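The structure under discussion appears below in the form of C-alpha cells.
The values are calculated or read from the model by the stated rules, or taken from the named source; none is laboratory data. These numbers were taken from a predicted model, which means no experiment stands behind them. Every residue, glycine as well, gets a Cβ built from its backbone with ideal geometry; the counts of neighbours run over all protein chains shown. When the accessible area is computed, the model is the full protein with side chains, heavy atoms only, and any ligands, DNA or RNA have been set aside. Shrake-Rupley method; radii C 1.70, N 1.55, O 1.52, S 1.80 Å.
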Amino acid sequence: MADDEGRSGKLRYLRNVIGGLIAVSIVGAAEVVKKEADPVWLAVLAAIVASAVSLWIIGFRRFIDWLLEWIEVLYRAVPRRARRIAAGALVLVIAASMIVIVRPFGGGGEDGGCPPTTELRILTSPEGLQSTRELAGEYALTTARDNDGCPTVFPFVYAADTSAVSGALARQWADTRVEHPYVDLGPRPDVWLPDSTLDVRQVRDILARTLPDDLTANGRLPAPLKLITPIASSSIVLAGSAVSASSSPNDDATLAGLVSSLLDQPRASLSAADPESSTAGLLAATGYLHDAENRMVDPVVARQRQQIVLTSTTSGDDEASMLCSYLRTGQAPTAVLTSSRTWQRLLKGRTLGGTGCQAPVKPPWAPPSVTPVGVDRPVLDHPLVQFTWTSSRQGKAVDGFRDWLRGAGEQYLAEVGLSKPLDRCAGLDDDNPCLPRDLTATLELYRQAKLSGRVLLAVDASGSMAEGVGSGRVTRFTVAAQGVAEALGQLGPNDEFGLWSFPNARGRSSPQLVRIAAGSPQHRTAVVGALRTVRPAGTTPLYDTILKGMGAVSGGRDDKRIRALVVLTDGEDTGRRFTLREMARQVRKLFAAYGVRLYVIATGDARCEDVQGQEGAGLHLLTDAGQGECRSATPGKVPTTMAQLFTTLWSGR
C-alpha cells in the first residue's frame, strides 16, 4: 500500500513537471513567433496550440498518465546501462530545450541586453538629409544582423548649408564672438557627406588662405580634412512636361544647349534652386547662364533668364522645397533643373523634406520626360570626408561606414536616388571632370542678374508675444526684434523695406511703424528704433494685416523687382472674418493682381503644417496661394530663420 502511495506521489510530481514544461514550451514558442513574425513559425505555433487544446478536451491529465506509463514500460525493457545513457541524453535535451525556450525572454536588442553602441555623427547637406538618413539607417541594421541583433553604431544624421559649415570646419568647430557651431549647427561631426567636392574645395580654400603654401601643395589636405572618398553620384537633369518637345539631343548635346532651346520658346518656364544656398542650384545655374556653345551669356540675357527662373520657381532655396511645391499643388512641373537624386526620390514617392513633404508622397501625375542619357552635364560627386580630429574608436566606425558604402551598401544607392560613385571626380583641383571650370564667374553673373526687393515685414505684437523664451527675461517679441535687426544687415542700397506691427498700438490708427523706403543706414536705424517702442498687447488680426500689407507692398510696382510681405506670428487669426480656405482665395487674387508674394514665419502656437485629422489647417495654404513659403521656427530660432528668409528675398527668389 505504501509502495502504491509512493508511486502515485511520484506520478503526480512527474505529471506536474511535464505539464509545466509543456506550458513553458508553448509560451516560449509564442515569444519566438512574436520576434520572428514568420508564416512558418505561425503555422507551427498554431499546430501546437491546436494539439494542446485537443489534448485538454480528451483529458490532459490522462494523456500525461499514459505518457508516463509508456515511458516506464520502455524504461524497464532496456538494460541498466542503456537506461543511464538515455537518462543522461534526456538531461542534455531538457537543458538545451530550456535554453532555447528561455532565451527569447532575455534577448539583447529590445530589453537593453546589447552593449553600448558607438554614436556616429554624420553631417550632410539639407538636400541630402533624407537619403543620408536612409543609408545610415540601413547600415545600422546591417551591423545588427551581423551582431546577434545588436547594432554596433548609432547614426546621428544632421544637416547644414555649406556656407555655414565651411567656416566652422576651418576653425576646427570652435566658437567666435558671433558664431557658435555647437549651438547653431550641431555636434562636431565624425564624417561629412556634402553634395560635391565643390563644398570641400570651399573649406580647403579658406584654410589655404591662412596656411603656408607647402601645406596645401600637390593636393595635400590641410587639417582637419583627412581623406576624401567618393561614395555616390547624381547628375543635373532637365525634367518636366516641356522637355521632350524642346529637346532634340545629338552626339554633341549639352545641358546648356537643351536649356537654351527651352528658354527660347514663347512663355518659357524653368524652375531651379538658389545657386547661393544650394550646390545643386549652382550647377543648375551653369545650365541657364550658358548658351548652346557652353559660353556664359551676356548680362542682358542673364537677367532675362533669371527673371524666367524667378517667376517659375516657388520655394527655391533648395531642391527639396522646390519640388515639394509641385506635390502640394498637384501640378506636374513644366521644366526643372535638379539633381537626378532628388528627381528620382520625387518619382518614387520617397520623403523629400521641406514644408509639406516630411512624409513619403507619391506624385499625382505621370512621370514627365527627363534629359536623355549621353547629354553632357554637371555631376554631384557626393564625397565622404573624414577628419583628423576623429578619435580611434569613432574612426573605426567611420571606416566601417565608408567601406560599407563602397561595398555591400552600393545596392542601396539606387533605392535612395543615387548612382554609383565616379572615382575620377574625387579631385579638388579645377580639372575635376564633374564640375564646370567657370563656377566662380557663373555665380558672379547670377549675382549681377538677381533682382532687388521691395519688402514689408509685419510683426505680431499681440499679448502672447510678451511670453518669455527659455529661462531668461527675454520675450518672444524681443527675439523677433533681434531677428529684424539681423535681417536689416542684408539690405542693399536698392532694396526697399518697411515695418508694421499688429494689432495697432494704443494711439495709432495704422499698423505702420516705418514706411517702405530704400535701405539706407538712416532707414535701418529708424526701423530698429521703432521696434523698441512696441509693447505687446491685444489680439491677433492676422488676416486683415495680410490683406492690407499685400496692398501696401504693391505700391510703386516695378516688374524688375520682387515684392513680398513677410509676416511673423505666434498664433492664429482672431478676426474671424474669413476661414483659412476663404483667406487663401483672397491671397491668390491679390497675388494675381499685384504680384506680391506672401511669406510667413510661424512660431509659438502658429503652425505651417497641417495637423493629422485636420488637413488644410496649416498656414502653408496662405503662402502656397501667395507663391511664397511658410517656415516654422521655435522662438529661439526666429532670428536665424528670418535671416535665411531675407537672404532668399534679397536674392530675388
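Among the numbered conditions (1) under 17 Å from PRO436 (Cα atoms); (2) of a type in the set (S, T, N, Q); (3) without any contact (Cβ under 8 Å) to a residue 40 or more places away in the chain, the only one that GLN265 does not meet is (1). Evaluation of ARG341 against the conditions (1) in a helix (DSSP H, G or I); (2) farther than 27 Å from LEU135 by Cβ; (3) modelled with pLDDT of 90 or more shows that the sole unmet condition is (2).
The single condition among (1) closer than 23 Å to CYS425 by Cα; (2) in contact with a strand residue (DSSP E or B) (Cβ under 8 Å, 6 or more places away or on another chain); (3) of a type outside the set (S, T, N, Q); (4) open to solvent by 30 Å² or more (accessible area, probe 1.4 Å) that ARG220 does not meet is (2).
Here is a yes/no grid of residues against (1) free of Cβ contacts under 8 Å to residues at least 40 places away in the same chain; (2) crowded, with 23+ Cβ neighbours inside 10 Å; (3) under 20 Å from ARG447 (Cα atoms):
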| residue | (1), (2), (3) |
| --- | --- |
| ARG295 | yes, no, yes |
| ARG303 | no, no, yes |
| ASP318 | no, yes, yes |
| ARG328 | no, no, no |
| ALA335 | no, yes, no |
| ARG345 | no, yes, no |
| GLN358 | no, no, no |
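Within segment 271-304, the set of residues being among the aliphatic types (A, V, I, L, M) and either in contact with a Lys or Arg (Cβ under 9 Å, 6 or more places away or on another chain) or in a loop (DSSP other than H, G, I, E, B) (or both) comprises ALA273, ALA280, LEU283, LEU289, ALA292, VAL297.
Against the condition more than 20 Å from the chain's Cα centre (by Cα), more than 18 Å from GLY489 (Cβ to Cβ), of a type outside the set (S, T, N, Q) and at pLDDT below 70, how does GLY616 come out, does it pass? For GLY616, the condition - more than 20 Å from the chain's Cα centre (by Cα), more than 18 Å from GLY489 (Cβ to Cβ), of a type outside the set (S, T, N, Q) and at pLDDT below 70 - is met. Here LEU590 meets each of (1) surrounded by fewer than 19 Cβ atoms within 10 Å (Cβ to Cβ); (2) out of contact with any strand residue (DSSP E or B) (no Cβ under 6 Å at 6 or more places or on another chain) with one exception, condition (1).
Among the residues of segment 136-174, the ones that are in contact with a Gly (Cβ under 8 Å, 6 or more places away or on another chain) and closer than 21 Å to CYS324 by Cβ come to 3 in all. When ARG424 is tested against (1) more than 26 Å from the chain's Cα centre (by Cα); (2) assigned to a loop (DSSP other than H, G, I, E, B), only condition (2) is not met. All conditions but one from (1) closer than 30 Å to LEU263 by Cβ; (2) in contact with an Asp or Glu (Cβ under 8 Å, 6 or more places away or on another chain); (3) open to solvent by 20 Å² or more (accessible area, probe 1.4 Å); (4) aliphatic (A, V, I, L, M) apply to LEU380; the one that does not is (3).
From the list LEU193, LEU227, exactly one residue is surrounded by fewer than 18 Cβ atoms within 10 Å (Cβ to Cβ), of a type in the set (A, V, I, L, M, F, W, C), within 24 Å of ARG133 (Cβ to Cβ) and modelled with pLDDT of 90 or more. Which is it?
Of the residues listed, the single one that is surrounded by fewer than 18 Cβ atoms within 10 Å (Cβ to Cβ), of a type in the set (A, V, I, L, M, F, W, C), within 24 Å of ARG133 (Cβ to Cβ) and modelled with pLDDT of 90 or more is LEU227.
Take the residues of segment 383-439 that are out of contact with any helix residue (DSSP H, G or I) (no Cβ under 9 Å at 6 or more places or on another chain) and of a type in the set (Val, Ile, Thr): which is surrounded by the fewest Cβ atoms within 10 Å (Cβ to Cβ)? Within segment 383-439, the match that is surrounded by the fewest Cβ atoms within 10 Å (Cβ to Cβ) is THR388. Looking only at residues that are open to solvent by less than 60 Å² (accessible area, probe 1.4 Å) and aromatic (Phe, Trp, Tyr) in segment 109-158, which one is nearest to SER278 (Cα to Cα)? Looking at the filtered set, the residue picked out is TYR158.
If you take the residues in segment 452-468 that are open to solvent by 10 Å² or more (accessible area, probe 1.4 Å) and part of a loop (DSSP other than H, G, I, E, B), which one is nearest to ALA606 (Cα to Cα)?
Within segment 452-468, the first condition is being open to solvent by 10 Å² or more (accessible area, probe 1.4 Å), and the residues that meet it are 452, 454, 463-464, 466-468.
If we keep only those that are part of a loop (DSSP other than H, G, I, E, B) too, we end up with 452, 467.
Values: SER452: 30, GLU467: 14 Å.
By that ranking, first place goes to GLU467.
Those residues that are open to solvent by 40 Å² or more (accessible area, probe 1.4 Å) and touching a residue at least 40 places away in the same chain (Cβ under 8 Å), I need them from segment 163-186; list them, please. Within segment 163-186, SER163, GLN172, ASP184 qualify.
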